[in-house]
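What follows is a short report on a single structure.
Please treat every number below as a calculation from the coordinates, not as lab data. Keep in mind it's a predicted model, so treat the numbers as computed, not measured. Reconstructed Cβ throughout: ideal geometry from the backbone, glycine too, with neighbour counts over all protein chains shown.
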Amino acid sequence: MEIELQEISDFVSTIHPFEHLPQAIIEQLIKKMTIRYIRRGTIVPVEPTSQGRLYLLRKGAVTLLSEQQELLGKLGEGDICTAFCQLLETIKFSIHVEEDTLVYTIACRTLSVILQDYPEELSYLQKTSTQRLHQNMKEMEGKNTQALSLMQTTLSDVMNHSVITADISISIHNAAIIMADKNVSSLIILQDGQAVGILTDKDITKRCVASNVPVSNPVEHIMTTGLVSVSKDSDAFEAMMIMTRKHIQHLPVIDDQQLKGIISVSDFLRHEGRNSVYITNAINKSESVEEMQEHAQIIPQLQLQLVQMGAKAEHLAKIITAISSAITRRLIELAERELGPAPVPYAWVAAGSHARREQSSHSDQDNALIISDQMAKQDDQWFAALAEFVCDGLNQCGYVYCPGDVMATNSKWRQPARRWTEYFTNWITTPSPKALMYSSIFFDLRCISGDTQLVDDVRKKMLRLSPKNNLFLAHLTFNALKLKPPLGFFRDFVLIHDGKHNDTLDLKHNGLAPIVDLARIYALAEGVEEVSTIERLKRVSGTKSLTRESADDLLDAFEFISNLRVKHQAQQISIDVDADNFMAPSEISKLERSHLKGTFKVIQNLQNYVEIRYKIS
């Protein structure tokens, strides 16, 4: 096969649903494909015809508009437009080219003939994106033996360890030859043995061919610098999220300034197929709150599917939280599109379970704004409008308003960085009951969008104070000890009798929350920056605050109760009941009951220890 056809074949083979087709079928498809290069700013009218065509974008970006100029969709690199095959007989389209675009097209009728023996792939191409998404989620339900999520996949399982590199002195022409010979879509460019850039086929197309740059020039003229990289200790889902946010197709894996491998989008596609990343990508492309709301409705079913797949609660929570973060970021982008650019830098921060990456599909919202000290009084009007847009959007997407009004819509939690520093200083030095309540919320803080340095600066100042103030830690401990594990005399458990959740165990407030509180106390005592409960316990393990054995016991307790909770919620979701944290003892097997009693005793023992340490009476 000629190099050009081989390159097209390699690309098409990475796109769903073509990736499972035999090579012979792929070759039939590409031989019938037409290649079109369309300049930015071009408007391509598409008249109704029985000879509709499927469009596969190789490079660039386009917007699809109806005859009435209604937005029908946006397409980017690797996206397939199947709408013409479905709707052309009744609706007129126009394609508005946003960037110089390279597309592969094939007649829908020809496509149907070639794929007649592959009904699953053909059916996929004949459905709308929403239909495909819903079908995908239904297929995921009840599959108990699927591969685990990307959250449970290490980068070593996905990345290409044999990275192709070239020296910075190489010409564009010779670099292209290497990429063709090695059948790769990127080269890592080295200078004095260190990775300084990356050259991709996109760079060659846009910055060389399209810009008429001589191929005899060194690659540094067109390569991408300022490498975005990830360490080998990151999980695959985190790497995918970075690539999604940065809109990049290749991600080097670098440790101690040494190149360990490289990840590409096609690596994920080959490894994972359909997964929660699709939901995140759909959210990132949403053009309205209503569109995001539709995608967010799938989250409970995703939680059910992950539990059925055997995912641990830790991994499930990170996936759910990553989707929540994607929704928040997209809402902020939509708000800024409507309001215009921010008057000064800011950070949108999450608190509580969102900050700790411990969310389930049943979560409310806790958020705030840390704004640059350059903020003028009149700037608050813009930030108030941003907060209203985002908080209302989160509520519409299922993240209900915080009952305690801990949201950026409350002007108290929409302040410049210096004011936040004052908050934390006052909470630590004057630990009133209200201060302790706020401490339990805002000492778990994570930047979701904006200037992370604002959050880091406030956190560092806070962590310099907390380890030195035993009085504050004592008060925080006293407050935390109000939540006790439910060990008692009624069938070994103290059950709730509030009329609404009679005879149930509150797994969140009487199981997980005490461990979260303990981990926070240990972290503040040791000046640890980590926010998640698990990472805090790992970091303080073996310190003066917590022995390694006790840390391991708490980690086991947290994991067990978390898994029990998500299993309980999955059962509720499966029968179309809103998920909660209240579990009836009848749901707990004898073995689980035994383990649960053990975990409660672990919590009780560690609470007793901190009570003695800080002389709580």
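One table, with the values for the structure above:
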item: Label point distance in nm, Glu290-Val44, each placed 7 Å from Cα along Cα→Cβ; result: 2.9 nm
item: Rounded tilt (10° steps) of 513-526 against the dominant C-alpha axis of the chain; result: 90 degrees
item: Sites Glu529 and Arg419 - FRET efficiency at Förster radius 30 Å, r taken between beta-carbons, to 0.05; result: 0.90
item: Length gained when the stretch Gln69-Asn426 is fully extended (0.36 nm per residue, less Cα-Cα span); result: 123.0 nm
item: Separation of the Glu559 and Asp233 label points, Cα + 7 Å toward Cβ, nm; result: 1.8 nm
item: Label zone at Asn395, where the point sits 7 Å out along the Cα-to-Cβ direction: region 284-323 residues whose backbone N lies under 20 Å; result: 288-297
item: Nearest 10 degrees, 0 to 90: helix 313-339 Cα axis against the chain principal axis; result: 70 degrees
item: Between 0 and 90°, nearest 10: helix 380-396 axis offset from the chain longest Cα axis; result: 90 degrees
item: Estimated FRET transfer efficiency (Ser162, Val344; beta-carbon r; R0 45 Å; 0.05); result: 0.45
item: Cut-off under 5 Å, modelled amide H: who pairs with Asn367 long-range; result: Ala351, Met407, Ala408
item: Computed FRET value (nearest 0.05) for Val577 with Thr34, which takes r as the C-beta separation and R₀ as 41 Å; result: 0.20
item: Euclidean distance of C-alpha centroids, region 443-462 and region 530-563, integer Å; result: 23 Å
item: 15 Å cut-off, amide nitrogen to a point 7 angstrom out along Asn174 Cα→Cβ, residues in region 208-224; result: 215-221
item: Distance between modelled label sites at Lys434 and Arg593, nm, 7 Å Cα→Cβ extension; result: 4.6 nm
item: Rel. contact order, % - alpha carbon contacts under 8 angstrom, at least six apart, the chain; result: 9 percent
item: 222 nm mean residue ellipticity, helices alone, for the chain (DSSP H n ≥ 4; -39,500 (n - 2.57); rounded to 500); result: -14000 deg cm²/dmol
item: Hydrodynamic radius (Kirkwood) for the chain, which is based on Cα pairs only, to one decimal in Å; result: 27.0 Å
item: Amide proton proximity set for Asp167, modelled H, under 5 Å, gap of 5+; result: Leu190
item: Pairwise centroid distance, computed over Cα atoms, of region 213-243 with region 336-375, Å; result: 28 Å
